[in-house]
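First comes the structure, then the notes that go with it.
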Ligand SMILES: [Zn+2]
């Protein structure tokens, strides 16, 4: 259970702890560690990371089945408050420009 060293936690909104609690429980259920890989960060204006309303978690240590299970269960348990999705690796001209991960953001409906 790891919080990546160089990510910024200060500025992450307190409401995100509700999502994090569910993520931690779901990783425990499949007996795999969780890695928080992104909190507050600069980036596109549309990204909720810039305002502290999004968190990213590593997914590459999971099987496809486990990725699906985590995505489905976290999304179901936090529906109406958060969006939780699996973002696959993006390659451009053969280079990885974005590594796969889970992205969760506060989006009350
Ligand atoms: Zn994200």
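Every read-out reported here was derived from the displayed coordinates using simple, explicitly stated rules and does not represent laboratory data. Since we're looking at a predicted model, the values are computed, not measured. For neighbour counting, all protein chains shown are included, and Cβ atoms are generated from backbone atoms with ideal geometry for every residue, glycine included.
Return a yes/no flag: does the stretch 58-73 have any residue that is within 17 Å of residue 19 (Cβ to Cβ) and within 13 Å of the ligand (Cβ to nearest atom).
Within the stretch 58-73 (the criterion being within 17 Å of residue 19 (Cβ to Cβ) and within 13 Å of the ligand (Cβ to nearest atom)), the answer is yes, since at least one residue qualifies.
Can you go through 17, 48 and tell me which one is within 13 Å of the ligand (Cβ to nearest atom) and under 24 Å from residue 5 (Cβ atoms)?
48
Looking only at the stretch 35-50, how many residues end up being closer than 16 Å to residue 83 by Cα and out of contact with any strand residue (DSSP E or B) (no Cβ under 8 Å at 6 or more places or on another chain)?
Number satisfying all stated conditions: 1.
I'd like the full set of residues that are farther than 15 Å from residue 73 by Cα and loosely packed, with under 15 Cβ neighbours inside 10 Å, limited to the stretch 15-31.
15, 17
Assuming residue 50 fulfils every condition listed in (1) touching a residue at least 12 places away in the same chain (Cβ under 8 Å); (2) surrounded by 12 or more Cβ atoms within 10 Å (Cβ to Cβ); (3) more than 13 Å from residue 103 (Cβ to Cβ) apart from one, which condition is it?
All conditions are met except number (1).
For the stretch 83-99, does any single residue satisfy the condition of being touching a residue at least 24 places away in the same chain (Cβ under 8 Å), on the phi > 0 side of the Ramachandran plot and within 16 Å of the ligand (Cβ to nearest atom)?
Within the stretch 83-99, not a single residue is touching a residue at least 24 places away in the same chain (Cβ under 8 Å), on the phi > 0 side of the Ramachandran plot and within 16 Å of the ligand (Cβ to nearest atom).
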